[in-house]
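A.B. asks: Structure provided below as C-alpha cells; questions to follow.
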Amino acid sequence: MDKNMTLEQANDLLEQAVRQLENEALPMSESVALYARACELMAFCMEALEGYKGKIEQAGAGLARYMTEEPDE
C-alpha cells in the first residue's frame, strides 16, 4: 500500500473495487485478490478517519473550555 496515498484516493480505489466485484463475472482467483485489495483499502481509510477524528476531538477539547465558562457580566 502506498503510504503517500490520500484518503480520497484510497476511497476512489475502494469504490472501483466494489463496483468490479458487484458488476463483473470475474474468475474466483481475481475476485479473491480484488476482495483482499478492497479490505486493505478499507483498513487504510478507517485508519485515516481515526486520525482525523483524533485531530477533531483535540481541537474541540480546546474550544470546549470556552463554551462551558460563565460569561463575565
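A.B. asks: What relative contact order, as a whole-number percentage, does the stretch 7-68 give when Cα pairs under 8 Å and 6 or more residues apart are counted? Intermediate results must be reported in sequence, preceding the final value.
C.D. replies: Numbers: 22 pairs, mean separation 26.5, N = 62.
After rounding, I find 43 percent.
A.B. asks: Against the longest principal axis of the chain, how steep is helix 28-68, in degrees 0 to 90 to the nearest 10, with axes from Cα atoms?
C.D. replies: 0 degrees
A.B. asks: Okay, next question. With unit charges on the beta carbons (Lys and Arg positive, Asp and Glu negative) and the dipole taken about the Cα centre of the chain, which residue among 38, 67, 7 sits farthest to the positive side?
C.D. replies: Positive-end residue among those listed: 38.
A.B. asks: Another question, then. Any idea what angle helix 7-23 forms with the longest principal axis of the chain, computed on alpha-carbon atoms, 0 to 90 degrees, nearest 10?
C.D. replies: 40 degrees
A.B. asks: Which of the GluC sites (Glu not before Pro) found in the stretch 5-41 are loop residues per DSSP with 11 or fewer other Cβ atoms within 10 Å of their Cβ?
C.D. replies: 24
A.B. asks: Please compute the length gained on full extension between residue 39 and residue 3, using 0.36 nm multiplied by the number of residues separating them and subtracting their Cα-Cα distance.
C.D. replies: Details: separation 36, 0.36 × 36 = 12.96 nm, distance 1.56 nm.
Extra length available between residue 39 and residue 3 comes to 11.4 nm.
A.B. asks: For Rg and Dmax of the Cα atoms in Å, several values are listed as (i) 19.9, 73; (ii) 11.4, 40; (iii) 13.3, 43; flag the one computed from this structure.
C.D. replies: Step by step, Rg and Dmax of the Cα atoms in Å for this structure corresponds to label (i).
Where a number appears in this text, it was derived from the coordinates with a stated rule and is not lab data. It should be emphasised that the depicted structure is a prediction, and the values quoted were computed from it without experimental measurement. Heads up, the Cβs are rebuilt from the backbone with ideal geometry, glycines too, and the neighbour counts pull from every protein chain shown.
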